[in-house]
Amino acid sequence: MTERASQSSGDYLARYERSLIGVFGMPQLVLTHGDGCYVWDADGRQYLDLLGGIAVNALGHNHPSLVTAISKQASEMVHVSNFFTSPAQIALAERLLALSGAPEGSGVFFCNSGTEAIEGAIKISRRTGRTHLVAAAGSFHGRTTGALALTSKAIYREPFDPLIPDVSFVPYDDVDALRAAVTEDTAAIFLEPIQGEGGVVPASEAYLRAARQVADETGALLVLDEIQTGVGRTGDWFAFQHYGVQPDVMTLAKGLGGGVPVGAIVAFGERVRAMLTAGQHGTTFGGNPLAAASGLAVLDEIESADLLSHARVTGDHFADAVAALGDDRIVEVRGRGLLRAVVLRDEVAPALTAAAREAGFIVNPVAPTALRIAPPLIVTGEQLDTFVTALPALLDTASTATQGA
Ligand SMILES: *Cc1c(COP(=O)(O)O)cnc(C)c1O
């Protein structure tokens, strides 16, 4: 136990089980505090956090820039409602438009989560006068009922049917299937440039270019869901910039607030921005001064510490180091920047995650054969090396555990 915990992890988890709705199953750890890329549990054990709150803690834990910005803003004003605005909200919108290279006339809407950003994008798409939506197999767009209709996993959706109608799922990265599905009745195509929850699966450049083209030909909107890939995660501000394909709508959340809930929709160009007019959408909390100050602090730090090139270099270093192990139980490392999956020959990712946790590493089994890392953008090559060095022995433990199960 640490001075921050008055009980053991086991005692906390027993209380958790009695008092929370069980949608997440039993949490793996009870965490009490963090520092940089490390976190500690209630029993005082230290972990290297290679998941970053699922691509959220872009600056790691307790980064002085973020702590200072949050503290300063909290001491001035936390919330005002959207009857009013604040300097921070306006500045964050301007920053997002500038960083995304959005054309004159573009605009931002702030919300509090990824799924809310998707809901807003769905509402924008309805303003085309059409209802048909196209999403990809393997997609994850969120858990509220609109976003859920676009999320491909049937076990997430089916208990809640009927959801919004008129959604087609197409195989991801298949240009012909996309062309066949999108018609002049299609309101929007929703795609992740790299499918995050689907296993860290990048789209090809040809695919996103084709999506742009078919959207233009049919009048459908191209919505790029950058909730996981945005804000420096892949080594560009936004993944679409690597692909050279500009969306009509971009959704953001996860990394944007560095852990403070901040979501955003960027509407590219005057036409798309004008699709939502006064009264047609809203939120109480969205873009409040605390959220906006957090977003600004994250963007400032990514820029001043050059975390974009750092994410590219350390992400490539990780992939090279894993390849250099020459371990035939590892197929490849997928992804870009610091959004990566170690693709495994066998279905041992859950057991590997458990073995890693025992050894002091937090990672995520995003698929039975894919181990995801999405560490803070400040992670060092040396920190990643400690995990890579441990991997072969962790794989031994995982395969023993999997065979024994
Ligand atoms: C996490 C995620 C969402 C949902 O975001 P929440 O903040 O959990 O609602 C949507 N799309 C993508 C690509 C995500 O990774």
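The values are calculated or read from the model by the stated rules, or taken from the named source; none is laboratory data. Since the structure is predicted, the reported quantities are computational estimates derived from the model, not experimental observations. Positions of Cβ are backbone-derived with ideal geometry, glycine not excepted, and every protein chain shown enters the neighbour counts.
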Q. Counting just the residues of the range 191-218 that are charged (D, E, K, R) and within 12 Å of the ligand (Cβ to nearest atom), which one comes out farthest from Leu308 (Cα to Cα)?
A. Glu197
Q) Does any residue of the range 259-282 turn out to be among the polar types (S, T, N, Q) and within 13 Å of the ligand (Cβ to nearest atom)? A) no
(Q) Taking the criterion of being within 16 Å of the ligand (Cβ to nearest atom) and outside the structural domain of Trp237 (by TED's automatic domain parsing), would at least one residue in the range 57-66 satisfy it? (A) yes
(Q) Can you find a residue that is within 16 Å of the ligand (Cβ to nearest atom), under 16 Å from the mean Cα position of the chain (by Cα) and closer than 30 Å to Arg126 by Cβ anywhere in the range 290-306? (A) yes
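Yes/no per residue for (1) more than 19 Å from Asp300 (Cα to Cα); (2) free of Cβ contacts under 8 Å to residues at least 12 places away in the same chain; (3) surrounded by 22 or more Cβ atoms within 10 Å (Cβ to Cβ); (4) hydroxyl-bearing (Ser, Thr, Tyr):
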| site | (1), (2), (3), (4) |
| --- | --- |
| Ala203 | yes, no, yes, no |
| Arg209 | yes, no, no, no |
| Thr234 | no, no, yes, yes |
| Phe240 | yes, no, yes, no |
| Pro247 | yes, no, yes, no |
| Ala267 | yes, no, yes, no |
Q: Kindly establish whether Ser100 is out of contact with any Cys (no Cβ under 9 Å at 6 or more places or on another chain), surrounded by fewer than 21 Cβ atoms within 10 Å (Cβ to Cβ) and hydroxyl-bearing (Ser, Thr, Tyr).
A: no
Q. Touching a residue at least 60 places away in the same chain (Cβ under 8 Å) and within 12 Å of the ligand (Cβ to nearest atom), is that true of Gly107?
A. no
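Which ranges mark the strands (runs of 3 or more DSSP E) fully within the range 295-405 that have 3 or more residues being surrounded by 24 or more Cβ atoms within 10 Å (Cβ to Cβ)?
Hits in the range 295-405: 339-344, 370-373.
Say we look at the range 143-166 and pick out the residues that are within 12 Å of the ligand (Cβ to nearest atom) and in contact (Cβ under 8 Å) with a residue 40 or more places away in the chain; which of these is farthest from Ile90 (Cα to Cα)?
Filtering first and then ranking leaves Ser152.
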Q: Go through the range 12-68 and give me each residue that's among the small types (Gly, Ala, Ser), in a loop (DSSP other than H, G, I, E, B) and without any contact (Cβ under 8 Å) to a residue 60 or more places away in the chain.
A: Gly25, Ala42, Gly44
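Residues checked against (1) within 19 Å of Asp173 (Cβ to Cβ); (2) part of a loop (DSSP other than H, G, I, E, B):
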{"site": "Val214", "(1), (2)": "yes, no"}
{"site": "Leu224", "(1), (2)": "yes, no"}
{"site": "Gln228", "(1), (2)": "yes, yes"}
{"site": "Arg233", "(1), (2)": "no, yes"}
{"site": "Phe240", "(1), (2)": "yes, no"}
{"site": "Met250", "(1), (2)": "no, no"}
{"site": "Gly279", "(1), (2)": "no, yes"}
Q.
Can you tell me which of (1) within 15 Å of the ligand (Cβ to nearest atom); (2) closer than 25 Å to Gly101 by Cα is the one His242 doesn't meet?
A. (1)
Q: Report whether or not Leu178 is within 16 Å of the ligand (Cβ to nearest atom), among the aliphatic types (A, V, I, L, M) and at pLDDT 95 or above.
A: no
Q | Tally of residues being under 21 Å from Ala181 (Cβ atoms) and either in contact with a strand residue (DSSP E or B) (Cβ under 6 Å, 6 or more places away or on another chain) or within 16 Å of the ligand (Cβ to nearest atom) (or both) across the range 219-237 | A | 6
Q: Say whether the condition of being among the small types (Gly, Ala, Ser), within 18 Å of the chain's Cα centre (by Cα) and farther than 24 Å from Ala354 by Cβ is met by at least one residue in the range 17-28.
A: no
